[in-house]
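See structure below.
Each reported figure results from applying straightforward, stated rules to the coordinates on display, with no laboratory input. Bear in mind the structure is a predicted one, so any value in this text is a computation, not a measurement. Using ideal geometry, Cβ is built from the backbone for each residue, glycine included, and neighbour counts are taken over all protein chains shown.
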C-alpha cells in the first residue's frame, strides 16, 4: 500500500502540470524571462542579445505580420508567431546563436550566450 501512495501522487502531479483531455493542448503559461526580444518593423531588437547559460528569452511579435524565430542551424524554431504572440527559449550552452525569420529571411539576429556567473 505504501508504494501506491507515491505513484498516485506522481499521477496527480502529472495531471496538475499537464492537464487532462482537451486541456493538454493549451500552451503553458509564460515563465519569467531574463530578456525579451521584440520583433518590430521587421527587425529583432535587441541584437546582439547577451545572456547567460540557462537564461529564458521571450520573443514577442509586435509587428502586424507573422514572423518566426528560427535558428540558422535549425536547432530551434518558434513556427509562426502572429501579432502579439510570444515564444520562449532557454539557451543551455555557451555560444553565438544566429537566427532569422523563415518568412522574411533578410531578418537576422544573434544571441550571445556566456557561462553563468559563479554563485
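In table form, for the structure just shown:
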| item | result |
| --- | --- |
| Subset of region 81-119 [assigned to a loop (DSSP other than H, G, I, E, B) and under 13 Å from the mean Cα position of the chain (by Cα)] | 85, 91, 92 |
| Selection within region 36-69 - without any contact (Cβ under 8 Å) to a residue 40 or more places away in the chain and under 11 Å from the mean Cα position of the chain (by Cα) | 36, 56, 58, 59, 60, 69 |
